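Report on one structure; see the data block that follows.
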Amino acid sequence: MSTPRITGKARLAGVLGHPVAHSLSPVLHNYWLERLGVDGAYVPLPVAPDQFVTAVRGLQAAGFRGANVTIPHKEAAFAIADEVAPMARVAGSVNTLVFGEDGRIRGSSTDGFGFLASLEAEGIDIGAVRDRGAALLLGAGGAARSIAAALMERGFSVIVTNRTATRARELVETLSQAWRDHAAGAMPALSTLPWDHPAGVPADVSLLVNTTSLGMAGGPDASWAPDLTGAADHLIVADIVYVPCETPLLEAAATRGLTAIGGLGMLLHQARPGFRAWFGAEAEVDAATVAYVSAVLKR
Ligand SMILES: NC(=O)c1ccc[n+]([C@@H]2O[C@H](COP(=O)([O-])OP(=O)(O)OC[C@H]3O[C@@H](n4cnc5c(N)ncnc54)[C@H](OP(=O)(O)O)[C@@H]3O)[C@@H](O)[C@H]2O)c1
């Protein structure tokens with residue numbers, strides 16, 4: 001008989017959501033645990049909003065190392081954390097909770113890290129992209145905020161454009177205030193652009209990021225792609241939508257000869273900091289991981 005992987009000493013973590021059945025996190029973390037031979041388990045935790053605090057306290061009492069948090073618990077996770085990392089404060093979001101042995105809960109937001117790591121994994125020099133121009137974010141929702149905060153931390157000027165212009169302006173105001181309250185160093189430039197800007201992507205933009213649900217299978221417009229004709233030849237185009245892996249935006253970028261990065265890498269990389277904190281091992285996003293999760297997504 002083979003050696004059991006999960007023993008009485010197993011390290012435990014999970015994902016709190018409502019619903020949580022769609023979450024890829026159990027698939028990904030258990031894949032890494034199995035591959036690395038770690039004595040640990042990661043479980044889905046369907047928890048209704050009014051049970052969130054009870055559930056978190058129960059997980060702490062049961063010896064869990066921590067948890068990921070997804071919709072609708074991200075604000076409650078922010079509130080329950082005893083310590084929140086500065087960039088999570090700027091992002092206004094917590095998706096990873098680590099339970100300390102001293103009983104304290106540390107919260108962080110790993111989406112922005114995951115986004116930048118997914119670019120670096122494709123060989124992109126983030127500093128060089130920043131030095132060539134601004135980042136243009138399409139969308140002003142939760143993902144846009146996390147990515148904008150991470151880009152600001154790396155010194156990018158950030159331009160936000162959104163179908164609902166008031167939300168773009170609100171995002172810029174909230175980020176500016178949060179940066180002043182929680183971040184160190186000079187604040188990079190933050191501005192907005194009309195959604196129906198006639199010239200398409202301005203030539204002084206070096207990074208275009210779609211954070212809307214446009215282009216997503218089953219989303220508001222699965223065939224959507226913006227006009228890239230006026231864009232600079234060095235423009236990097238990133239789409240955080242990951243279903244399908246090849247969105248119409250990425251296809252348009254490739255047709256135009258631009259570097260195009262899909263959203264699956266962000267999804268995988270954002271999981272690494274939690275895995276390290278809970279299970280004490282380094283998870284790798286390699287070709288085998290991408291192939292495994294892609295196959296699950298296609299089922
Ligand atoms: N790769 C990853 O790891 C990752 C992580 C998080 C999210 N995502 C993906 O990112 C997308 C956004 O997630 P989120 O959590 O930020 O969602 P959200 O907070 O609900 O924001 C949705 C955004 O999409 C825009 N939008 C929706 N329908 C539109 C339409 N018909 N035309 C133009 N804009 C439209 C919204 O604009 P309005 O303000 O005008 O409504 C808003 O800016 C989703 O596709 C999600 O799957 C990927």
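Numbers below:
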quantity: Any hit, region 258-265, residues being away from the ligand (no atom under 11 Å from the Cβ) and in contact (Cβ under 8 Å) with a residue 60 or more places away in the chain; calculated: yes
quantity: Any pair with Cβ under 7 angstrom, 6 or more apart, that starts in region 231-256 at a residue that is in contact (Cβ under 8 Å) with a residue 12 or more places away in the chain and within 16 Å of the ligand (Cβ to nearest atom) and ends at one that is aromatic (Phe, Trp, Tyr) and outside any loop (DSSP other than H, G, I, E, B); calculated: Ile240/Phe115
quantity: Single residue of region 102-111 satisfying the filter (more than 13 Å from the ligand (Cβ to nearest atom) and outside any loop (DSSP other than H, G, I, E, B)) that is nearest to Arg169 (Cα to Cα); calculated: Ser108
quantity: Looking only at region 221-262, and only at residues there that are modelled with pLDDT of 90 or more and among the hydroxyl-bearing types (Ser, Thr, Tyr), the one that is nearest to the chain's Cα centre (by Cα); calculated: Tyr242
quantity: Among the candidates Ala183, Ala143, Ala135, residue that is within 15 Å of the ligand (Cβ to nearest atom), aliphatic (A, V, I, L, M) and in the same structural domain as Asp227 (by TED's automatic domain parsing); calculated: Ala143
quantity: Enumeration of residues in region 186-213 that are over 20 Å from the mean Cα position of the chain (by Cα) and within 15 Å of the ligand (Cβ to nearest atom); calculated: Thr192, Leu193, Pro194, Trp195, Asp196, His197
quantity: Filter result (touching a Leu at 6+ places or on another chain (Cβ under 7 Å), within 20 Å of His29 (Cα to Cα) and away from the ligand (no atom under 16 Å from the Cβ)) within region 64-98; calculated: Phe64, Arg65, Gly66, Ala67
quantity: Residue list for region 211-245, filter: surrounded by fewer than 16 Cβ atoms within 10 Å (Cβ to Cβ) and acidic (Asp, Glu); calculated: Asp221, Asp227, Asp233
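The values are calculated or read from the model by the stated rules, or taken from the named source; none is laboratory data. Quick caveat: nothing in here was measured; it's all calculated off a predicted structure. With ideal geometry, Cβ positions are generated from the backbone for all residues, glycine too; neighbour counts draw on all protein chains shown.
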